[in-house]
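The values are calculated or read from the model by the stated rules, or taken from the named source; none is laboratory data. As the structure is a computational prediction, the values presented were derived from the model and not from experiment. In this analysis, Cβ positions are derived from the backbone assuming ideal geometry, glycine residues included, and neighbour counts consider all displayed protein chains. Accessible surface areas use protein heavy atoms only, side chains included; no ligands, DNA or RNA. Shrake-Rupley method; radii C 1.70, N 1.55, O 1.52, S 1.80 Å.
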Amino acid sequence: MNKDMTEQQVLARLTAECARAEHCTGEMLEKMRRWGVDDDVQDRVMAYLIKGKYIDDERFCRLFVRDKIRFNGWGRRKVEQALYQKRVDKAVSGPVLDEIEDVEYIEALRSLIHSKRKSTKATNEYELNQKLMKFALSRGFEWNIIRQCIDGAEREDYD
């Protein structure tokens, strides 16, 4: 990237990028930082992007959370960590994460555990459950929900 970009060029690139996909303020600031854009230009560009609704952290957060839970099989903790890395303010991400419906969340974990159970090799049920718990924890799900889903899956196997 050419570090001698004008403010208009930076603005044109970022608005085009925001028109193609949803982004947060942290991502745009990081791009401008890598491009070597001055702080005062960054402030003006960000003000324009926010005022023009090219960037809306709450909108980004809602879409990001929904996609990561539904399509990527992530848990709350992993989503929360990803949002932190993208520098989305906790005041924005916290309420959005709290809106996750428990039924949908648990069902996402159940289907994930069900499919993983089929492909996991273990010598006994205890070892299998340990591997499934470790897998679910690595996906960012909470311990109490994992336990609930694994216990439920065991009961389904015996029925």
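Counting only Cβ charges, +1 for Lys and Arg and -1 for Asp and Glu, the dipole size of the stretch 7-52 around its Cα centre is about 160 debye. The modelled label-to-label distance for the pair Q81/S111, using points 7 Å beyond Cα in the direction of Cβ, is 2.4 nm. For the chain, carbon and sulfur atoms together expose 49% of the accessible surface, with a 1.4 angstrom probe and every protein chain in place.
Less than 5 angstrom separates the built amide H of W74 from those of I69, all sequence-distant by 5 or more or on a different chain. Dipole orientation for the chain: of the candidates G26, M46, F135, F135 has the Cα lying most toward the positive pole (charges on Cβ; Lys, Arg +1; Asp, Glu -1).
For the chain, the Stokes-Einstein estimate of translational diffusion at 10 °C and a viscosity of 1.306 mPa s comes to 88 µm²/s, using the Kirkwood hydrodynamic radius over alpha-carbon pairs. Couplings 3J(HN,Hα) for the stretch 99-104, derived from phi with the Karplus relation 6.51 cos²θ - 1.76 cosθ + 1.60 (θ = phi - 60°), are 7, 4, 6, 4, 4, 5 Hz, where x marks Gly and Pro. Taken one residue at a time, the phi angles of the stretch 60-75 give Karplus couplings (6.51, -1.76, 1.60, θ = phi - 60°) of 4, 4, 4, 5, 4, 4, 4, 5, 5, 6, 6, 9, 9, x, 8, x Hz. Gly and Pro are set to x. Using the Karplus relation 6.51 cos²θ - 1.76 cosθ + 1.60 with θ = phi - 60°, the per-residue 3J(HN,Hα) values for the stretch 131-146 come to 5, 5, 5, 4, 4, 5, 4, 5, 7, x, 8, 7, 4, 5, 6, 4 Hz, with x marking Gly and Pro. Straight-line cross-link partners of K86 among the aspartates and glutamates, defined as a Cα under 15 Å from its Cα and at least 8 positions apart when in the same chain: E22, E27, E30, D56, D57, E58.
The modelled label-to-label distance between T120 and K51, using points 7 Å beyond Cα along the C-beta direction, is 5.4 nm.
Would you mind working out the magnitude of the charge dipole of the stretch 1-128 relative to its Cα centre, with +1 at each Lys and Arg C-beta and -1 at each Asp and Glu C-beta, to the nearest 20 Debye?
580
Mean sequence separation of contacting Cα pairs (under 8 Å, at least six apart), scaled by the length of the chain, corresponds to a relative contact order of 22 percent.
Under a Cβ-Cβ cut-off of 12 Å, what is the net charge of the residues other than E99 that fall near it, where Lys and Arg count +1 and Asp and Glu count -1? Net charge around E99: -2. Calculated mean residue ellipticity, 222 nm, the chain: -24000 deg cm²/dmol, from DSSP H runs (n ≥ 4) at -39500 (n - 2.57) each, averaged per residue and rounded to 500.
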